[in-house]
1. Filtering the range 131-147 down to residues that are surrounded by 11 or more Cβ atoms within 10 Å (Cβ to Cβ) and β-branched (Val, Ile, Thr), which residue is farthest from Thr41 (Cα to Cα)?
2. Cβ-Cβ under 6 Å, sequence separation 6+ or interchain: first residue in the range 7-31 and of a type outside the set (D, E, K, R), partner assigned to a loop (DSSP other than H, G, I, E, B) and crowded, with 16+ Cβ neighbours inside 10 Å. Which pairs?
3. Run down Leu53, Leu90 and say which single residue is touching a Pro at 6+ places or on another chain (Cβ under 6 Å), closer than 19 Å to Lys132 by Cβ and not hydroxyl-bearing (Ser, Thr, Tyr).
4. In the range 101-118, which residues are open to solvent by 80 Å² or more (accessible area, probe 1.4 Å) and either within 16 Å of ligand 2 (Cβ to nearest atom) or of a type in the set (Phe, Trp, Tyr) (or both)?
5. When you look at Ile142, is it within 25 Å of Tyr50 (Cβ to Cβ), in contact with an Asp or Glu (Cβ under 6 Å, 6 or more places away or on another chain), within 16 Å of ligand 2 (Cβ to nearest atom) and at pLDDT below 95, yes or no?
6. Mind telling me which of the residues Asn98, Asn40 ends up being among the polar types (S, T, N, Q) and either more than 16 Å from ligand 2 (Cβ to nearest atom) or within 14 Å of the chain's Cα centre (by Cα) (or both)?
7. Only residues that are closer than 12 Å to Phe93 by Cα and either more than 13 Å from ligand 2 (Cβ to nearest atom) or touching a Gly at 6+ places or on another chain (Cβ under 6 Å) (or both): list them for the range 51-63, please.
8. State all residues of the range 64-88 that are of a type in the set (A, V, I, L, M, F, W, C), part of a helix (DSSP H, G or I), open to solvent by less than 80 Å² (accessible area, probe 1.4 Å) and out of contact with any helix residue (DSSP H, G or I) (no Cβ under 7 Å at 6 or more places or on another chain); if no residue qualifies, say none.
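The values are calculated or read from the model by the stated rules, or taken from the named source; none is laboratory data. Owing to the predicted nature of the structure, the values given are computational and were not obtained by experimental measurement. Reconstructed Cβ throughout: ideal geometry from the backbone, glycine too, with neighbour counts over all protein chains shown. Accessible surface is based on the protein model in full, side chains and every heavy atom, while ligands, DNA and RNA are left aside. Shrake-Rupley method; radii C 1.70, N 1.55, O 1.52, S 1.80 Å.
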Amino acid sequence: MVPTVDTVRYQYLTQTLIKNLCPVMLVGPVGTGKTSVAENTLSKLDPKSYSVLSVNMSAQTSSNNVQDIIESRVEKRTKGVYVPIGGKKLLTFMDDFNMPAKDTFGSQPPLELIKLWLDYGFWYDRMKQTQKYIKVRFMFLIYKSTS
Ligand SMILES: Nc1ncnc2c1ncn2[C@@H]1O[C@H](COP(=O)(O)OP(=O)(O)OP(=O)(O)O)[C@@H](O)[C@H]1O
Ligand SMILES: [Mg+2]
(Lines give C-alpha, C1' and ligand atoms only; values in the text may rest on other atoms or scores of the structure.)
(Ligands and ions follow the chains in the order given, each with its own letter.)
Protein backbone atom coordinates (compact mmCIF):
# COMPACT_ATOMS: atom_id res chain seq x y z
CA MET A 1 0.00 0.00 0.00
CA VAL A 2 1.33 3.42 -0.98
CA PRO A 3 1.19 5.83 1.99
CA THR A 4 -0.68 9.03 1.21
CA VAL A 5 -1.78 11.85 3.52
CA ASP A 6 -5.21 10.23 3.76
CA THR A 7 -4.07 6.66 4.37
CA VAL A 8 -1.60 7.75 7.05
CA ARG A 9 -4.28 9.85 8.74
CA TYR A 10 -6.93 7.12 8.71
CA GLN A 11 -4.41 4.49 9.72
CA TYR A 12 -3.51 6.53 12.78
CA LEU A 13 -7.13 7.27 13.67
CA THR A 14 -8.32 3.69 13.29
CA GLN A 15 -5.35 2.30 15.24
CA THR A 16 -5.87 4.74 18.09
CA LEU A 17 -9.61 4.08 18.28
CA ILE A 18 -9.13 0.32 18.23
CA LYS A 19 -6.42 0.40 20.91
CA ASN A 20 -8.94 2.21 23.09
CA LEU A 21 -11.60 -0.42 22.30
CA CYS A 22 -13.85 2.02 20.46
CA PRO A 23 -16.03 0.85 17.58
CA VAL A 24 -14.90 2.31 14.25
CA MET A 25 -16.84 2.77 11.04
CA LEU A 26 -15.20 3.79 7.77
CA VAL A 27 -17.55 5.29 5.20
CA GLY A 28 -16.68 6.19 1.62
CA PRO A 29 -17.38 5.59 -2.06
CA VAL A 30 -16.21 2.55 -4.05
CA GLY A 31 -12.45 2.01 -4.36
CA THR A 32 -11.26 4.67 -1.92
CA GLY A 33 -9.12 2.25 0.08
CA LYS A 34 -11.45 1.51 3.02
CA THR A 35 -10.72 -2.20 2.99
CA SER A 36 -6.96 -1.59 2.54
CA VAL A 37 -6.79 0.78 5.52
CA ALA A 38 -8.77 -1.66 7.67
CA GLU A 39 -6.66 -4.68 6.71
CA ASN A 40 -3.48 -2.75 7.36
CA THR A 41 -4.69 -1.73 10.80
CA LEU A 42 -5.76 -5.29 11.62
CA SER A 43 -2.42 -6.72 10.51
CA LYS A 44 -0.65 -4.51 13.07
CA LEU A 45 -2.61 -5.87 16.05
CA ASP A 46 -0.74 -8.13 18.46
CA PRO A 47 -2.12 -11.65 17.87
CA LYS A 48 -1.36 -12.56 21.49
CA SER A 49 -3.98 -10.19 22.85
CA TYR A 50 -6.41 -9.67 19.97
CA SER A 51 -8.29 -12.06 17.77
CA VAL A 52 -10.19 -10.87 14.73
CA LEU A 53 -13.50 -12.24 13.52
CA SER A 54 -14.21 -11.25 9.93
CA VAL A 55 -17.79 -11.16 8.79
CA ASN A 56 -18.22 -10.39 5.11
CA MET A 57 -21.70 -9.04 4.69
CA SER A 58 -23.67 -9.69 1.49
CA ALA A 59 -27.23 -9.17 0.32
CA GLN A 60 -28.02 -12.66 1.65
CA THR A 61 -26.66 -12.04 5.16
CA SER A 62 -29.45 -12.26 7.74
CA SER A 63 -29.47 -11.06 11.33
CA ASN A 64 -29.54 -14.75 12.35
CA ASN A 65 -26.29 -15.34 10.43
CA VAL A 66 -24.54 -12.42 12.12
CA GLN A 67 -25.74 -13.48 15.57
CA ASP A 68 -24.67 -17.10 15.00
CA ILE A 69 -21.22 -16.11 13.69
CA ILE A 70 -20.50 -13.89 16.69
CA GLU A 71 -21.98 -16.33 19.21
CA SER A 72 -19.71 -19.06 17.82
CA ARG A 73 -16.74 -17.10 19.18
CA VAL A 74 -17.97 -16.38 22.71
CA GLU A 75 -18.41 -18.58 25.78
CA LYS A 76 -20.77 -18.31 28.72
CA ARG A 77 -19.30 -16.59 31.78
CA THR A 78 -22.26 -16.17 34.11
CA LYS A 79 -26.00 -16.33 33.56
CA GLY A 80 -26.76 -14.36 30.40
CA VAL A 81 -23.21 -12.99 30.03
CA TYR A 82 -20.89 -14.11 27.23
CA VAL A 83 -17.20 -13.29 26.74
CA PRO A 84 -14.72 -14.02 23.92
CA ILE A 85 -13.15 -17.49 23.94
CA GLY A 86 -9.53 -17.67 25.14
CA GLY A 87 -9.45 -14.46 27.15
CA LYS A 88 -8.38 -12.36 24.17
CA LYS A 89 -9.99 -9.16 22.96
CA LEU A 90 -12.26 -10.08 20.09
CA LEU A 91 -12.59 -7.55 17.29
CA THR A 92 -15.39 -8.11 14.83
CA PHE A 93 -14.55 -6.80 11.39
CA MET A 94 -17.54 -6.36 9.09
CA ASP A 95 -16.77 -5.38 5.54
CA ASP A 96 -19.50 -4.17 3.18
CA PHE A 97 -21.76 -3.36 6.11
CA ASN A 98 -24.29 -1.64 3.82
CA MET A 99 -24.92 -4.78 1.73
CA PRO A 100 -27.65 -6.74 3.60
CA ALA A 101 -30.95 -6.61 1.73
CA LYS A 102 -33.73 -4.37 2.98
CA ASP A 103 -36.86 -5.98 4.37
CA THR A 104 -40.46 -4.96 3.64
CA PHE A 105 -40.15 -1.99 5.99
CA GLY A 106 -36.92 -0.69 4.47
CA SER A 107 -34.67 -1.63 7.38
CA GLN A 108 -31.68 -3.95 7.21
CA PRO A 109 -32.10 -6.56 9.97
CA PRO A 110 -28.37 -7.35 10.50
CA LEU A 111 -27.69 -3.63 10.99
CA GLU A 112 -30.58 -3.37 13.43
CA LEU A 113 -29.10 -6.24 15.42
CA ILE A 114 -25.71 -4.49 15.61
CA LYS A 115 -27.39 -1.24 16.62
CA LEU A 116 -29.31 -2.98 19.41
CA TRP A 117 -26.08 -4.55 20.59
CA LEU A 118 -24.06 -1.30 20.51
CA ASP A 119 -26.83 0.65 22.27
CA TYR A 120 -27.78 -1.87 24.97
CA GLY A 121 -24.96 -4.42 25.04
CA PHE A 122 -27.25 -7.40 24.59
CA TRP A 123 -29.41 -9.23 22.13
CA TYR A 124 -31.97 -11.94 22.65
CA ASP A 125 -31.72 -15.67 22.75
CA ARG A 126 -34.02 -16.51 19.86
CA MET A 127 -35.33 -19.69 21.44
CA LYS A 128 -35.78 -18.64 25.08
CA GLN A 129 -36.37 -14.88 24.54
CA THR A 130 -33.90 -14.11 27.34
CA GLN A 131 -31.27 -11.37 27.19
CA LYS A 132 -27.71 -12.34 26.27
CA TYR A 133 -25.05 -9.80 27.11
CA ILE A 134 -22.21 -10.16 24.60
CA LYS A 135 -19.05 -8.56 25.97
CA VAL A 136 -17.45 -7.83 22.60
CA ARG A 137 -18.42 -4.22 22.05
CA PHE A 138 -15.62 -3.48 19.81
CA MET A 139 -15.77 -3.59 16.08
CA PHE A 140 -14.66 -2.31 12.77
CA LEU A 141 -17.31 -1.56 10.20
CA ILE A 142 -16.81 -0.73 6.54
CA TYR A 143 -19.70 1.05 4.90
CA LYS A 144 -19.78 1.75 1.18
CA SER A 145 -21.63 4.95 0.45
CA THR A 146 -23.35 5.19 -2.88
CA SER A 147 -23.33 8.97 -3.32
N1 LIG B 1 -2.90 4.19 -0.87
C2 LIG B 1 -3.01 3.18 -1.71
N3 LIG B 1 -1.91 2.59 -2.23
C4 LIG B 1 -2.01 1.57 -3.10
N5 LIG B 1 -3.14 1.03 -3.53
C6 LIG B 1 -4.26 1.56 -3.05
C7 LIG B 1 -4.28 2.65 -2.12
N8 LIG B 1 -5.58 2.94 -1.81
C9 LIG B 1 -6.30 2.07 -2.51
N10 LIG B 1 -5.54 1.25 -3.26
C11 LIG B 1 -5.99 0.17 -4.15
O12 LIG B 1 -7.26 0.53 -4.66
C13 LIG B 1 -8.08 -0.60 -4.75
C14 LIG B 1 -9.36 -0.36 -3.99
O15 LIG B 1 -9.09 -0.29 -2.60
P16 LIG B 1 -10.04 -0.97 -1.54
O17 LIG B 1 -10.50 -2.32 -2.00
O18 LIG B 1 -9.38 -0.90 -0.22
O19 LIG B 1 -11.25 0.05 -1.61
P20 LIG B 1 -12.64 -0.02 -0.87
O21 LIG B 1 -12.89 1.35 -0.37
O22 LIG B 1 -12.65 -1.14 0.10
O23 LIG B 1 -13.59 -0.33 -2.08
P24 LIG B 1 -15.02 -1.03 -2.01
O25 LIG B 1 -15.92 0.01 -1.47
O26 LIG B 1 -15.29 -1.35 -3.46
O27 LIG B 1 -14.90 -2.23 -1.15
C28 LIG B 1 -7.30 -1.79 -4.19
O29 LIG B 1 -6.82 -2.55 -5.26
C30 LIG B 1 -6.16 -1.14 -3.43
O31 LIG B 1 -5.02 -1.96 -3.48
MG1 LIG C 1 -13.83 -2.85 0.31
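1. Here the answer is Ile134.
2. Note: pairs meeting the criteria are Leu21/Phe138.
3. Sole residue among the options that is touching a Pro at 6+ places or on another chain (Cβ under 6 Å), closer than 19 Å to Lys132 by Cβ and not hydroxyl-bearing (Ser, Thr, Tyr): Leu90.
4. Phe105, the sole residue that qualifies.
5. yes
6. Going through Asn98, Asn40 in turn, just one is among the polar types (S, T, N, Q) and either more than 16 Å from ligand 2 (Cβ to nearest atom) or within 14 Å of the chain's Cα centre (by Cα) (or both): Asn98.
7. Ser51, Val52, Leu53, Val55
8. Ile69, Ile70
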